[in-house]
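The values are calculated or read from the model by the stated rules, or taken from the named source; none is laboratory data. Bear in mind that the values here come from a model prediction, so they are computed numbers and not experimental data. Because the Cβ atoms are built from the backbone with ideal geometry, glycine has one as well, and the counts that use them run over all protein chains shown.
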């Protein structure tokens with residue numbers, strides 16, 4: 001990491017936009033500023049995670065052309081940030097626009113009373129909760145500042161700040177419910193490698209297509225779809241967690257219900 005990683009996201013955005021040609025700056029400025037305000041304009045680059053970028057992708061709506069254009073503007077910005085030493089890796093690889101978002105099947109409600117977490121998961125959630133709560137004053141300040149900006153086109157900073165507030169407050173509520181109601185269980189995979197835990201690699205068979213799949217369950221900040229690393233909080237992750245080899249699970253997807261069999265687990 002270089003000293004650039006301690007600069008704010010907005011500093012990086014301004015430096016990036018200043019280096020663009022006028023036409024490209026006009027095309028990308030609104031989306032780049034929306035992205036940094038959503039993430040937290042005064043946060044440092046060292047605080048920005050792949051999970052933040054992936055979650056921002058969920059907020060990109062509209063037609064395929066519009067959504068792709070908006071995503072590409074942010075990807076170019078994050079690629080430049082890596083080249084400039086703001087980040088050690090290109091976080092733009094985490095940004096994906098979900099297909100068919102408008103008709104997406106709602107996620108199945110979580111039964112917190114039946115949820116189990118390990119002590120390490122509890123501690124990680126506690127740390128995330130404190131970081132999220134620490135963002136509240138800055139988000140409120142961003143909203144107030146954006147409200148006072150009467151000349152900004154369509155007031156994109158205000159929309160971004162409100163969206164960020166909605167995500168942060170929703171995540172805080174979910175973590176607090178988990179910590180209050182979930183049962184803390186023994187740490188780590190079973191000795192015989194037959195139970196799916198966070199950190200495990202799971203070998204599955206799609207019972208409809210007979211296709212073999214491999215996923216590694218990780219925490220949200222460690223997601224890497226290109227490597228099959230999925231969050232334990234995703235629909236597939238929740239369905240697999242604590243299941244044993246031979247178990248069959250169902251996952252709701254936009255295309256319908258998917259059924260998988262757990263064939264093998266590696267710690």
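Would you call residue 242 in a loop (DSSP other than H, G, I, E, B) and either at pLDDT 80 or above or in contact with a strand residue (DSSP E or B) (Cβ under 6 Å, 6 or more places away or on another chain) (or both)?
Yes.
Confirm whether residue 129 is part of a helix (DSSP H, G or I), modelled with pLDDT of 85 or more and either in contact with a helix residue (DSSP H, G or I) (Cβ under 6 Å, 6 or more places away or on another chain) or assigned by TED's automatic domain parsing to the domain that holds residue 233 (or both).
Yes.
Matching residues to (1) at pLDDT below 90; (2) more than 22 Å from residue 116 (Cβ to Cβ); (3) buried (at least 18 other Cβ atoms within 10 Å of the Cβ):
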position	(1), (2), (3)
219	yes, no, yes
224	yes, yes, no
229	yes, no, no
246	no, no, no
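For the range 60-89, what are the residues that are surrounded by fewer than 17 Cβ atoms within 10 Å (Cβ to Cβ), assigned to a loop (DSSP other than H, G, I, E, B) and at pLDDT 80 or above?
84, 85, 88, 89
Name the residue that is farthest from residue 40 (Cα to Cα), counting only residues in the range 4-26 that are in contact (Cβ under 8 Å) with a residue 60 or more places away in the chain and in contact with a strand residue (DSSP E or B) (Cβ under 9 Å, 6 or more places away or on another chain).
Among those residues, the one meeting the criterion is 5.
For the range 221-238, does any single residue satisfy the condition of being touching a residue at least 24 places away in the same chain (Cβ under 8 Å), farther than 23 Å from residue 194 by Cβ, assigned to a loop (DSSP other than H, G, I, E, B) and under 22 Å from the mean Cα position of the chain (by Cα)?
yes
If we keep just the residues of the range 90-102 that are in a helix (DSSP H, G or I) and buried (at least 19 other Cβ atoms within 10 Å of the Cβ), which is modelled with the lowest pLDDT?
Step by step, filter the range 90-102, then rank; the result is 94.
Please find, among 210, 151, 159, the residue that is part of a loop (DSSP other than H, G, I, E, B) and either surrounded by 15 or more Cβ atoms within 10 Å (Cβ to Cβ) or at pLDDT 85 or above (or both).
210
Of all residues in the range 251-267, which are under 18 Å from residue 211 (Cβ atoms) and at pLDDT 90 or above?
259, 260, 261, 262, 263, 264
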